[in-house]
1. Is it fair to say SER260 is closer than 19 Å to GLU28 by Cβ and away from ligand 1 (no atom under 16 Å from the Cβ)?
2. In region 101-110, what count of residues is obtained for those that are away from ligand 2 (no atom under 12 Å from the Cβ), of a type outside the set (Phe, Trp, Tyr) and in contact with an Asp or Glu (Cβ under 9 Å, 6 or more places away or on another chain)?
3. For residues that are outside any loop (DSSP other than H, G, I, E, B) and buried (at least 23 other Cβ atoms within 10 Å of the Cβ), tally how many sit in region 179-191.
4. Checking the structure you have, find out if any residue of region 160-167 is within 23 Å of ASN101 (Cβ to Cβ) and within 20 Å of the chain's Cα centre (by Cα).
5. Considering only region 208-224, I want to know if a residue exists there that is assigned by the TED database to the domain that holds ARG165, closer than 22 Å to ASN120 by Cα and not acidic (Asp, Glu).
6. Does ILE35 satisfy the criteria of being at negative phi, part of a helix (DSSP H, G or I) and within 14 Å of ligand 1 (Cβ to nearest atom)?
7. From the residues in region 52-70 that are β-branched (Val, Ile, Thr), away from ligand 1 (no atom under 13 Å from the Cβ) and over 21 Å from MET1 (Cβ atoms), which one is surrounded by the fewest Cβ atoms within 10 Å (Cβ to Cβ)?
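The values are calculated or read from the model by the stated rules, or taken from the named source; none is laboratory data. It should be emphasised that the depicted structure is a prediction, and the values quoted were computed from it without experimental measurement. Positions of Cβ are generated from backbone atoms using ideal geometry, with glycine treated the same way; all protein chains shown enter the neighbour counts.
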Amino acid sequence: MSIQERLKNKKQTQFMEAHNGLSARIVEQVGFEAIWASGLSISASMGLSDRNEASWTQVINILEQMSDNIEIPILVDGDSGFGNYLNVIRFVKKLKNISINAMCIEDKLFPKINSFIGENQELASVEEFCNKIKAAKDTGGDNFTLIARVEALISGKTMAEALDRAEAYKQAGADAILIHSKQNTAIEVFEFSQHWKEKLPLFAVPTKYYNTKYSEFVDHGINNLIWANHLIRSSIYSMKKTAETIYNDKSLINVEHNISTLDELFNLTNERNMKKLNKLYNS
Ligand code: SPV
Ligand code: MG
């Protein structure tokens, strides 16, 4: 089911982070309904900062690896749109070319800086951001979903400003609102949701308020959650452990049974299709 249909039908959706073809395949295999193509995680996998250091064409190349390898829908983290409305138009055109139909953009400046770095980051003007929303929707067409991300609470602005911005983004054509927060409880996003009154579907990113249960979000009118960076962080954890063990032991003896088998690896790549393909075209 597309992200647009999921939103229309008020489905509860977990968007799991992926940052390349392999992690996207794992997300799909586990059973998630949709992918969050995280800017932070994609940049980190290249060893780059989450400050638009990676070019948007490099991001498109990674997204193509994902869409080539999976069937579930992808919600792309479009940062602040990679520039002005012209860059938004170009980016959305390229997304359509690789069969991706959902993007989130945030009301920060270009180049953006990750929301968990520094304080009081400057926001884009409402007018400029609304024009980016319109450009994305006009370019994407009817089946393209645009999620507008409100950074007001992250940037130390008032709840009233966050709500005003969300209303303006709705008027500009956004299909849903992502209300971002860096508090260590969900109180602030729940307060937003209470005032918002389901005018559009809501997304939350519980990276900092990780103790909150999914059911509590649903009880507060938030059906869409983004687990934003947990596969890249678990891969860092696991890769470090394995590398340190091999380095210290000068042997594989303590790692062989604590890592994926080669068959598991083959099953995550196009190798899994070779029997069928050989039968069809190489007999
Ligand atoms: C990302 O995953 O790249 C995000 C979420 O944008 S956050 O890192 O919380 O800004
Ligand atoms: Mg991001």
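1. Working: closer than 19 Å to GLU28 by Cβ: yes; away from ligand 1 (no atom under 16 Å from the Cβ): yes.
Here the answer is yes, as SER260 does meet what is asked.
2. Here the count works out to 3.
3. Residues flagged as outside any loop (DSSP other than H, G, I, E, B) and buried (at least 23 other Cβ atoms within 10 Å of the Cβ) within region 179-191 amount to 2.
4. Yes.
5. yes
6. Working: at negative phi: yes; part of a helix (DSSP H, G or I): no; within 14 Å of ligand 1 (Cβ to nearest atom): yes.
Against the criterion (at negative phi, part of a helix (DSSP H, G or I) and within 14 Å of ligand 1 (Cβ to nearest atom)), ILE35 does not qualify.
7. THR57
Table: residues versus (1) loosely packed, with under 15 Cβ neighbours inside 10 Å; (2) of a type in the set (Val, Ile, Thr).
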{"residue": "VAL76", "(1), (2)": "no, yes"}
{"residue": "SER99", "(1), (2)": "yes, no"}
{"residue": "ASN120", "(1), (2)": "yes, no"}
{"residue": "LYS134", "(1), (2)": "no, no"}
